[in-house]
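The values are calculated or read from the model by the stated rules, or taken from the named source; none is laboratory data. Note that the structure is predicted; figures quoted are calculated from it, not measured. We place every Cβ from the backbone using ideal geometry, glycine too, and count neighbours over all the protein chains shown. Surface accessibility is based on the protein's heavy atoms, side chains included, excluding ligands, DNA and RNA. Shrake-Rupley method; radii C 1.70, N 1.55, O 1.52, S 1.80 Å.
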Amino acid sequence: MEKNILIFLLLFCSGNIFSQQVEGTVLNAASGEPMASVAIKVADATTGTVSAEDGKFSLVVSRLPVRLEFSALGFVNKELTVRNAAEELTVYLFPEAEALSEIVLRSTIIPNELRQTPAAVSIISETDFERFDETNIVKVINTAPGVYVHQGALNTNKLSIRGIGARSQYSTNRVKAYFEEIPISTAEGETTLDDIDQSMIERAEIIKGPNSSVYGAGLGGVINLYAADADEDGTQASTRHTFGSFGLMKNTVKAAHASGSTNLVAAYNHLESDGFRENGDYERDSFTVHGRVSGSDNGTLSVLAQFTRLMAYIPSSLNRETLEHDPSSAAYTWGAAQGYESYDKGLFGLSYRHNFSDNFYNTTSIFMNFRDAYEPRPFDILKEEQVATGARTKFNFGIDLAGIETEFSVGSEIYREWYDTATFENLYEDFPGEGSVAGNSLSNNNQDRNYYNFFAQWNFAFSEAFQLETGVNLNTTKYKLTDLFNRDEVDQSGDYRFETILSPRMGAVYNVSENKSVYASISHGFSTPTVAETLTPEGQINTDLEPETGINYEVGFKGNWLNNQLYTEVALFSIQVENLLVAERVGQDQYIGRNAGKTDHNGIEFLLNYNFDLTRGIQARPYVNAAFNFFEFDEFTDDGIDYSGNKLPGVPERSITAGFDIFTDPGFNFHAVFQHQGEMPLDDANSGFNDNYNLLNLKASYNLNLPGGFETQFFGGVNNIFDEAYAASIIPNSVGFGGSAPRYYYPGNPRNYFGGVQLKYLF
């Protein structure tokens, strides 16, 4: 009897010794709200529980470490390894494709669900990023309806939204971009997304057209990038290595840590490629840190820091004959000069959110960035130094007005930039085979650029079915130009200030049913000229140049179907642009700007995401994104020639992205992406068109959990599987010099392959 009692006590005690209680909270990654009724179970076992109304759960496990599985209807399943039961877990679940309408937008002045937002906003999710080879974030952005990216090379990309910015020659303007609320666009509106590595991005939100009161100058819209967080409590480290055609190599080393009050991610990336074309070598190193610390229930401090070093040669554009017969060659002068761009670039920002009450909070950010660049070109050598500082603050509060739920937000953004530029003779012709050699100084200018934005927005929820938004942005932009070059008789020095611009906006949403809504909006936007566009051929400031302005009219539908398995969006828009800024070519690869007329940007955008189970354990997600564009000059006369009624160059008549994703429980994923781009006018006269083209890209990956806390992924893919010959980018209104044909075209890469492996360790 005593022996039996002793055995029972030993078994009971041993059970208590080895049993552990795991506790935590499940949150919606899109909104930050607690999630109830989430199923939590031990992997390969029946032991489990569900989360309570406040998202909290408690689960007794037999031993540690243990692998837990989290699942909820409309959300991506998640697995994580728990090694220490002493710390309470915080688990984030991400909405699936068909739950897009439930995502709370972070880029709107007042956070709101996508379906309740009276604007066309494209979400680039983690799944979207996984479909491509991870060499350039713009490949993914190019799949959003209404967005088109000219992809000349890894370092030569320009982006337009709804045709705004399509006439830019070599860079993205008329579209602003922010990384964690910190501007990555210059004070004059130029944006480079190539420096942001995909490994640090969790999602992007693209506001199309002048549909936001928050961000000031950006007639085409705003791109907001949000950093990836550590996705589970504890510490983890990972390495990821990619190899591919044309000498492609990418290495990423990443570390992350999360606890109840801290979330920190740091990553180093090295990317290099020999390029498909001559004089196309590319090498980039970047280091990024992003983190958040919650000191109390009332405050959260965020930090973002990034440093990038780039060395990229430039093959430049080709004429039609060379495109068809020798697309891998570089433009002759760029090859002879061995032209390239190199720079060091840094970005730093601090943000603090303070909650005064449940309905009243403030978010304030300060930021600084710099760029030190050197670019030898056949016609000169450019040296640039740029430093910028700024701050943003925004107050949000909610109140009940006579039974109407009202939210109000007001804030401002201040940005100041110091920009020094100098040019030198390029003596490459005097030193054959040696590439670019700097000669005498040609110019030396200092620019002091400033802008101030003040914004406000009111949201009124008159009922559960009807909501109204009104907003306004007030902007003033000015700069000072100092000519430090004393070897000529031209003095470019001068001050210039654009008139203060008031941009109002109004939008309304009506829920026709629980999961379906219609919206309408009208908004005003503007884009200021760059400093280069304001200079005349004689080097003087053109004080008559005015900002482009436009009014956007839009109606649309957003809704779920088939028990939330199907999500659709349709948007019809019309943007009427006045004071169109035209880049007039005055020399080889040299342009000036002037106001020349009006354009009409009319179009239809469509999005469809569908999610269903093929069989038990195999899930399929087909999707279609499409845009049909009817962009033309309303009134436009250039050098006595009337182009009114002609199609706008630099943007395809239609863009269609279609594909499907396959996910299996064992960890195998497959992605197929088909892209069709319609024909595109090459110039204002519509004298020629870039041919339409079709691309098919495939990618597969396999995830495997290994003993000891290791996770691994093997992946590989093929781009342009049918080896389509096409121009991936054009230079609108290109002009030939010395009897040569115009160089409109940047050829796209032929069929190419990539593959790699990732190894992650959970401490």
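Cα centroids of region 327-344 and region 42-75: 57 Å apart. Only Cα pairs under 8 Å and 6+ residues apart enter the sum, and on that basis the relative contact order of the chain stands at 10 percent.
Computed 3J(HN,Hα) for region 83-91, one whole-Hz value per residue from the Karplus formula 6.51 cos²θ - 1.76 cosθ + 1.60 where θ = phi - 60°, is 10, 9, 7, 6, 9, 6, 7, 10, 10, glycine and proline marked x.
With every protein chain in place and a 1.4 angstrom probe, the accessible-area ranking of His325, His150, His676, largest first, reads His325, His676, His150.
Partners of Lys383 within straight-line reach, counting lysines whose Cα lies under 26 Å from its Cα and excluding those fewer than 8 residues away in the same chain: Lys158, Lys176, Lys345, Lys478, Lys480.
Placing unit charges on each Cβ (+1 for Lys and Arg, -1 for Asp and Glu) gives region 132-268 a dipole about its Cα centre, and among Thr252, Tyr148, Ile201 the Cα reaching farthest toward its positive end belongs to Tyr148. Helix 2-18 and the longest principal axis of the Cα set of the chain meet at an angle near 10°. For Ala520 and Ile721, the difference between the fully extended length at 0.36 nm per residue and the C-alpha to C-alpha distance is 68.3 nm. Find the eigenvalues of the gyration tensor of the Cα atoms of region 640-763, then list the square roots of 5 times those eigenvalues as equivalent ellipsoid semi-axes, largest first, in whole angstrom. Listed largest to smallest, the semi-axes of region 640-763 are 44, 16, 12 Å.
The local environment of Tyr693, defined by Cβ-Cβ distances under 10 Å, has a net charge of -3 under the rule Lys, Arg +1 and Asp, Glu -1. Checked against a 19 Å cut-off, the cross-linked pairs Lys78/Lys760; Lys139/Lys250; Lys56/Lys516 give Cα-Cα distances beyond that limit for Lys56/Lys516.
Here the Karplus relation 6.51 cos²θ - 1.76 cosθ + 1.60, evaluated at θ = phi - 60°, turns the backbone of region 245-252 into coupling constants of 4, 6, x, 5, 8, 9, 10, 10 Hz, with x for every Gly and Pro.
Measuring nothing but alpha carbons in the chain and taking Rh as the Kirkwood radius, the Rg to Rh ratio lands at 0.99. Computed from phi, the 3J(HN,Hα) profile of region 130-138 under the Karplus parametrisation 6.51, -1.76, 1.60 (θ = phi - 60°) reads 6, 7, 10, 7, 6, 8, 7, 5, 5 Hz, with x in place of Gly and Pro. Tyr761 to Asn440: FRET efficiency via 1/(1 + (r/R0)^6), r the Cβ-Cβ distance, R0 56 Å, to the nearest 0.05? Result of the calculation: an efficiency of 0.50.
Entry note, the chain: the mean residue ellipticity at 222 nm calculated from DSSP H runs of n ≥ 4, each adding -39500 (n - 2.57), is -1500 deg cm²/dmol after division by the residues and rounding to the nearest 500. Between Tyr496 and Ser296, residue separation times 0.36 nm minus the direct Cα-Cα distance comes to 67.4 nm. Amide H contacts of Asp634: Lys598, Thr599, Asp600, Gly645, each under 5 Å away and 5 or more positions distant or on a separate chain (H built 1.01 Å from N in the peptide plane; Pro and chain starts excluded).
The modelled label-to-label distance between Ser644 and Glu88, using points 7 Å beyond Cα along the C-beta direction, is 6.9 nm. Averaged over residues, the count of other Cβ atoms within 10 Å places the peptides 54-63, 723-732, 556-565 in the sequence 723-732, 556-565, 54-63, highest first. When only the Cβ of Lys, Arg, Asp and Glu is charged (+1, +1, -1, -1), the dipole of the chain relative to its Cα centre reaches about 1840 debye. Take every pair of alpha-carbon atoms less than 8 Å apart whose residues are at least six positions apart; their mean separation over the length of region 224-350 yields a relative contact order of 19 percent.
Express in whole angstrom the spacing between the alpha-carbon centres of region 148-215 and region 664-724. Centre-to-centre distance over Cα atoms comes out at 21 Å.
Applying 1/(1 + (r/R0)^6) with R0 = 30 Å to the Cβ-Cβ distance of Asp544 and Phe379 gives a FRET efficiency near 0.65.
Counting heavy atoms of the protein chains alone, Ile182 has an accessible area of about 10 Å² for a 1.4 Å probe.
Other residues within the sphere of radius under 11 Å centred on the Cβ of Phe526, judged by their own Cβ, net out at -3 (K and R +1, D and E -1). A crude spin-label estimate for the pair Phe460 and Asp430, with each label 7 Å from Cα along the Cβ direction, gives 7.1 nm. Full extension of the segment from Asn355 to Ser171, taken as 0.36 nm per residue of separation minus the current Cα-Cα distance, would add 62.3 nm.
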